[in-house]
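Notes for the one structure printed next.
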Amino acid sequence: MSAMRTYLVGGAVRDELLGLDHAERDWVVVGSSPDDMLARGFRQVGASFPVFLHPGTGEEYALARTEKKQGHGYHGFAVDFHPGVSLEEDLQRRDLTINAMARDTDGKLVDPYGGLRDLEHKTLRHVSGAFVEDPLRVLRVARFAARFTHLGFHVHDSTMALMREITLSGELQHLAAERTWREIERAMVTSTPSVFVEVLRECGALQALLPEVEALFGIPQPEKHHPEIDTGTHLLMALDVAASLSDCAAEVVFAVLLHDLGKALTRKSEWPRHIGHEKVGVPLVDAVCRRLKAPNTMHDLARKVCLDHLNCHRVFEMRPETVLRLLERLDVFRQPDVLPGFVAACEADYRGRGGRQDADYPQGEFLARAFEAAAAIMARDLDLEGLSGPQVGKRLHGARVEAIAQLSKHTRKY
């Protein structure tokens, strides 16, 4: 067997130096081959290039490799992983200097591209000119900016210039939807998803990837309800509120990202009002989710938030019958887990505006209690003698309306 050497690389090294917890560890193997790894008991799982699972820990070990761009997309690379590829060559193909550090088995830091320096200066900087070869790096840098903004990190000007170059090249259009979605979903679970959107805007990538969201910037709203006026500014504020309310639940933050898309379709003659923007926004939500291949559960919540977020705000103005219709439209009697996410997204919209960041949102609590009251009414508990079919449903519906009505009598309206 060859004298292979293993190095801990990437996020585990970076996060350790930042004093952050890291969930998984990745390793690079130098001086080995696929046959050698298999002989040592590793199990191969990589398709495009050899990645192996350790027989004891199950952690991923990848052979040191170089990559050369030959075509469009993720598969447009020629990969070389012969035993002579050095650690420095492997690290050079990585996106950011802070992700291009390694530790050897003795714990010594290997930092050929200044990652530690950039950590100290809170800088997100590309490793080399090869950065432009993978357009996904535009989204990755934006995601890292969102993840580390609370630590004071910023994107280096030279890296932002390369991100603009990638955008102008049209390479973003060749990204597989699955890869794009993975980065968006991971950005949604950062504490400041607004930064993800802002960085993409700065390099032009938001227009290329999510033009429906880009279109919201510059569109005015009524100052009475939106002191921040600009719809895009409101969106950024609401995203970060959503992250704080939902413990960064991706489905809630993603629903907020898409909740106001219909405002981009309002005629200028009707500005700053956007009557009916909820309904006209739903087809745009559908289009985005189909294009990104978003999971059905996230698509479903995004549609519901888009269509009914204003109704949640107005729940105290509704008749009990209308409240029940809202709950039925949300399908929470069959999918009760939908309601907390829906309420969180609506609260984020309500509070994501100037002067209202710390406002109470009793509407959400009331809607949750209305659901509990209505769901407690079961057909088997009612007097249904002589009734059948639609009559049973009507009786159940009426009893649930009455339960909500009783709740309303004892609920303070804000």
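Residue count for segment 102-119 under the criterion of being touching a Phe, Trp or Tyr at 6+ places or on another chain (Cβ under 8 Å), part of a loop (DSSP other than H, G, I, E, B) and buried (at least 16 other Cβ atoms within 10 Å of the Cβ): the result is 0. Scanning segment 264-303 for residues being farther than 28 Å from Leu175 by Cα and among the basic types (Lys, Arg) gives a total of 4. Among the residues of segment 124-154, those that are touching an Asp or Glu at 6+ places or on another chain (Cβ under 8 Å) and outside any helix (DSSP H, G or I) comprise Leu124, Arg125, His126, Val127, Asp134, Pro135. Val132 - would you say it is touching a residue at least 40 places away in the same chain (Cβ under 8 Å) and either under 30 Å from Asp36 (Cα atoms) or not acidic (Asp, Glu) (or both)? Spelling it out, it is not the case that Val132 is touching a residue at least 40 places away in the same chain (Cβ under 8 Å) and either under 30 Å from Asp36 (Cα atoms) or not acidic (Asp, Glu) (or both). For segment 137-153, a tally of residues being surrounded by fewer than 19 Cβ atoms within 10 Å (Cβ to Cβ) and in contact with a Ser or Thr (Cβ under 9 Å, 6 or more places away or on another chain) returns 1. Here Ala208 meets the list (1) crowded, with 20+ Cβ neighbours inside 10 Å; (2) part of a helix (DSSP H, G or I); (3) free of Cβ contacts under 8 Å to residues at least 40 places away in the same chain almost entirely, failing just condition (3). The residue of segment 155-185 that is nearest to Leu292 (Cα to Cα), among those that are assigned to a helix (DSSP H, G or I) and touching a His at 6+ places or on another chain (Cβ under 8 Å), is His174.
Applying the selection to segment 332-345, what residues are in a helix (DSSP H, G or I) and more than 17 Å from the chain's Cα centre (by Cα)?
Within segment 332-345, Val338, Leu339, Pro340, Val343 meet the criteria.
Applying the condition of being assigned to a loop (DSSP other than H, G, I, E, B) and β-branched (Val, Ile, Thr) to segment 257-314 and asking which residue is farthest from Thr180 (Cα to Cα) yields Ile275.
The residues listed here are Ala130, Ala102; of these, the one that is closer than 15 Å to Gly11 by Cα, among the aliphatic types (A, V, I, L, M) and not assigned by TED's automatic domain parsing to the domain that holds Val197 is Ala102.
Taking every residue in segment 92-107 that is farther than 9 Å from Ser128 by Cα and pairing it with any residue that is of a type outside the set (S, T, N, Q) and assigned to a strand (DSSP E or B), at least 6 positions away or on another chain, the pairs with Cβ-Cβ distances below 6 Å are Ala102/Tyr7; Ala102/Val9; Ala102/Val110; Arg103/Leu8; Arg103/Leu109; Asp104/Tyr7. For segment 244-272, filtering for residues that are in contact with a Pro (Cβ under 6 Å, 6 or more places away or on another chain) and either at pLDDT below 95 or more than 15 Å from Val197 (Cβ to Cβ) (or both) leaves 2. The numbered conditions (1) crowded, with 19+ Cβ neighbours inside 10 Å; (2) without any contact (Cβ under 8 Å) to a residue 40 or more places away in the chain are all true for Arg201 except (1).
The values are calculated or read from the model by the stated rules, or taken from the named source; none is laboratory data. For clarity, every value in this text was computed on a predicted model and none was experimentally measured. Counting neighbours? That spans all protein chains shown, and the Cβs are built from the backbone with ideal geometry, glycine included.
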